[in-house]
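Chemist: Please see the structure below; I have some questions.
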Amino acid sequence: MEGEVKSGRPRWLAGLVCVVVVMSLGCSRPWKREDIRTWEGCCEGADACLALLQELHGPDTGEKWLPPEQACASWKLGRVGEDVVPRLISLLRHSDRRVRGGAAQALAKMEEKATGAMPALIEAYEREPGGLALHALSSLDDERAAPAIVRHLLESPTSALEHLGPTLAPVLVEVLENPESSWEALVLVRRVLARRPSMYTETFVPRLRTLLARELEEPTLRRPPGTSCPSAPAPSCEAVFDACTPRAAYVASALAAYERRGAKAAPEVLQALQRADVRLTPVALQALVAFGSPAAVPEVLQQLAVPECRARALASLVSLGGVARPAATEPLLRLLATGEEGWVRARAAEALGGVGGAAALEALRQAVYASHSEVQAAAVGALGSYAFRTHAEELVPLFQQVVAKHASPVARSHARLALEGLSGQEVQPAESIDCARISPRRAGGWTLREGHTSLQLHWDKPKAPPLGSPCAAVPGGDSASVLEAMGEACLVGWDDGEFGGTLEVHEAGRVTVLEEPHANPLHVVRMHGALVVVEGLAHLSGGAGSLVRVDASEGRWRAIPWVTLPGAPMAYALNEAGDLVVGTSDQRLDAIVCGRAGTFAPAHVVRVTRDGGLAPVEPDGRP
């Protein structure tokens, strides 16, 4: 549902509602070609599946994902015995990339049964580092592949590097430890380590902490080889990685991904902050925020006073919560009352929900009916936080009133969740649709990918950028959810469901990290001249979505947490006035997956105004 609406007739809004409801109830099913051949029945037996693996339709388009024939055949072959391994090995040298990739995927799915294919897979990887052989090597997790992985690091699919097993994953830390690693290799490894911190906490945190201490022992901070920085780079409140960034910054950033589990490294990170290096300081500060360290509060409050850094500072204060009390209370109250934009006041209200206190309670109660919808919703959400749980008795009537009558669907949703948290009972929303009345199916060109605890909502992946585009050479761009050229820069987003994601700006010789790790970038839309990233996720507790505005000021990029949506975004369009109209669902993940009867699916269609406010849209087209 992308693009401008030309007709101006209201029926497209009804269609948007239908897409939201139908998509929110979609259940997964196996792949079908012309609704005849399923993954279970696409082939039977090794000979038939090997023949299907070599069945090609048309020229190779270069798409990362395998065509249906190869995907299904590799899946079935991965379930047969070891006898087929020699025949798959021979196909690793097939003339067509799709067949080679299918053979590698089949070996990957066989896991320990394919250990005899290790030498052949390493050879295939050496010949074609950007192919699918690395996915198989990561599944087999054999140390024999380590030298090749290091040698072809920058040519390899980032999605495969993110899934290296416990035997091979340490080679990534070795890249950080190696003083000869280029800044490009350090950038790549830093991001890969930040994407999967939960897997290797026990071994990686002590190792990274030791490495950071070693880097900080140097009188002059070490930088990647071949670096020439005659003058200090321009300061930034965001994490910027380039050839002038000290090696210590890459290590501190990797540690930050472990959040509270990495807090043991807080002394070293605080020492990094005290080095006062313009590239190391913002990275160290963000790490301390991730650790929940009180040492971060004074520095964050200094950022809060700088307009270009305010978005970053407010996001940090939201993360710090009660750690920032009482120092942050007065500045946040002042911004809530006098902030020039709705998002500033809203994020101040959100941060006050973590800070707590009597003054914050009174200010937030008044803000529930402020003039801006974003402020209203944030105030209700803040009042429902744990900091005000002791005031539950006086807040319950307010939440009930908001659920019944408030104009903001986000405020109503926050109030409903607060009441459920206080009572322990489900509160049915006023605006809902019984799942039993809807026939579950897919629609609108969307796909739903199930994770363990979340559902990722995907538009079509970005098309491969043309040669010469600033997005063409982005490492890992083949698995990006967002690839948007911005002049000579490229906005890049990776979404990994419940594991979070990243939003970055890639320029020649520089990468700026705007959001990490709690981001789910799905798509980019331009409205009223602003570049807006649509983010969202359907989770066990319901749907969540937001709009993030990307701005540049004096050559420094920043991500502004602009609008909170009433659920996970399911569809969108631009109306004739250029406003963004978004359809969302706040349905629970279990209901989306199974479409069970008796489940209610809250659905909304809202219009986002130029100033970031939300206005409801009725199905007949009336605002």
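The values are calculated or read from the model by the stated rules, or taken from the named source; none is laboratory data. Predicted, not measured: the structure shown is a model, and the values here were computed from it. Because the Cβ atoms are built from the backbone with ideal geometry, glycine has one as well, and the counts that use them run over all protein chains shown.
Chemist: For the condition of a type in the set (A, V, I, L, M) and over 27 Å from ALA290 (Cβ atoms), what is the one hit in LEU503, LEU467?
Modeler: Step by step, each of LEU503, LEU467 is checked, and only LEU467 is of a type in the set (A, V, I, L, M) and over 27 Å from ALA290 (Cβ atoms).
Chemist: Regarding ALA296, is this residue in a helix (DSSP H, G or I), within 25 Å of the chain's Cα centre (by Cα) and over 22 Å from VAL511 (Cβ atoms)?
Modeler: Yes; evaluated as a whole, the condition is true for this residue.
Chemist: Also, I was wondering about something else. Of all residues in segment 79-100, which are part of a helix (DSSP H, G or I) and either within 22 Å of GLU44 (Cβ to Cβ) or touching a His at 6+ places or on another chain (Cβ under 8 Å) (or both)?
Modeler: Within segment 79-100, GLU82, ASP83, VAL84, VAL85, PRO86, ARG87, LEU88, SER90, LEU91, ARG98, VAL99, ARG100 meet the criteria.
Chemist: Inspect all residues belonging to segment 35-42 and state whether any of them is among the small types (Gly, Ala, Ser), at pLDDT 75 or above, farther than 30 Å from TYR572 by Cβ and over 33 Å from the mean Cα position of the chain (by Cα).
Modeler: Looking through segment 35-42, none of the residues is among the small types (Gly, Ala, Ser), at pLDDT 75 or above, farther than 30 Å from TYR572 by Cβ and over 33 Å from the mean Cα position of the chain (by Cα).
Chemist: With the structure loaded, tell me whether THR245 is surrounded by fewer than 18 Cβ atoms within 10 Å (Cβ to Cβ) and in the same structural domain as ALA296 (by TED's automatic domain parsing) or whether it fails that test.
Modeler: No: the conditions fail for THR245.
Chemist: THR338 is checked against (1) crowded, with 21+ Cβ neighbours inside 10 Å; (2) modelled with pLDDT under 95; (3) β-branched (Val, Ile, Thr) and fails just one. What number does that condition carry?
Modeler: (1)
Chemist: Among the residues that make up segment 51-67, is at least one of them β-branched (Val, Ile, Thr), under 24 Å from THR158 (Cα atoms) and not in a helix (DSSP H, G or I)?
Modeler: Yes; the residues of segment 51-67 include at least one that is β-branched (Val, Ile, Thr), under 24 Å from THR158 (Cα atoms) and not in a helix (DSSP H, G or I).
Chemist: Another question, then. Just checking: which of the helices (runs of 4 or more DSSP H) contained wholly in segment 161-270 hold 2 or more residues that are in contact with a helix residue (DSSP H, G or I) (Cβ under 7 Å, 6 or more places away or on another chain) and farther than 25 Å from PHE291 by Cα?
Modeler: 183-195
Chemist: Residues in segment 70-78: is at least one in contact with a helix residue (DSSP H, G or I) (Cβ under 6 Å, 6 or more places away or on another chain) and surrounded by fewer than 18 Cβ atoms within 10 Å (Cβ to Cβ)?
Modeler: Scanning segment 70-78 turns up no residue that is in contact with a helix residue (DSSP H, G or I) (Cβ under 6 Å, 6 or more places away or on another chain) and surrounded by fewer than 18 Cβ atoms within 10 Å (Cβ to Cβ).
Chemist: Just the residues that are surrounded by 19 or more Cβ atoms within 10 Å (Cβ to Cβ) and not in a strand (DSSP E or B), please, taken from segment 520-539.
Modeler: Once the filter is applied, which keeps residues that are surrounded by 19 or more Cβ atoms within 10 Å (Cβ to Cβ) and not in a strand (DSSP E or B), segment 520-539 yields only ASN520.
Chemist: Within segment 502-527, work out how many residues are within 17 Å of ARG312 (Cα to Cα) and touching a Pro at 6+ places or on another chain (Cβ under 9 Å).
Modeler: 4
Chemist: Working carefully through the options ALA276, ALA315, find the one that is within 30 Å of ASP242 (Cβ to Cβ), in contact with a Lys or Arg (Cβ under 8 Å, 6 or more places away or on another chain) and of a type in the set (Gly, Ala, Ser).
Modeler: Only one candidate qualifies: ALA315.
Chemist: Here's something else I'd like to know. Take the conditions at pLDDT below 95 and either of a type outside the set (A, V, I, L, M, F, W, C) or buried (at least 21 other Cβ atoms within 10 Å of the Cβ) (or both) and apply them to SER316. Does it pass?
Modeler: Details: at pLDDT below 95: no; either of a type outside the set (A, V, I, L, M, F, W, C) or buried (at least 21 other Cβ atoms within 10 Å of the Cβ) (or both): yes.
Spelling it out, it is not the case that SER316 is at pLDDT below 95 and either of a type outside the set (A, V, I, L, M, F, W, C) or buried (at least 21 other Cβ atoms within 10 Å of the Cβ) (or both).
Chemist: Here is a follow-up. Within segment 324-334, is even one residue modelled with pLDDT of 95 or more, part of a helix (DSSP H, G or I) and either basic (Lys, Arg) or within 16 Å of CYS237 (Cα to Cα) (or both)?
Modeler: yes
Chemist: Same structure, new question: Does segment 383-394 contain any residue that is without any contact (Cβ under 8 Å) to a residue 40 or more places away in the chain, outside any helix (DSSP H, G or I) and closer than 18 Å to SER319 by Cα?
Modeler: yes
Chemist: From (1) under 28 Å from GLY477 (Cβ atoms); (2) crowded, with 21+ Cβ neighbours inside 10 Å; (3) more than 29 Å from the chain's Cα centre (by Cα); (4) free of Cβ contacts under 8 Å to residues at least 40 places away in the same chain, pick out the condition that doesn't hold for ALA104.
Modeler: Just one mismatch for ALA104, condition (3).
Chemist: Out of all the residues in segment 365-376, is one or more assigned by TED's automatic domain parsing to the domain that holds SER316, among the polar types (S, T, N, Q), in contact with a strand residue (DSSP E or B) (Cβ under 6 Å, 6 or more places away or on another chain) and in a helix (DSSP H, G or I)?
Modeler: Looking for residues that are assigned by TED's automatic domain parsing to the domain that holds SER316, among the polar types (S, T, N, Q), in contact with a strand residue (DSSP E or B) (Cβ under 6 Å, 6 or more places away or on another chain) and in a helix (DSSP H, G or I), one finds at least one in segment 365-376, hence yes.
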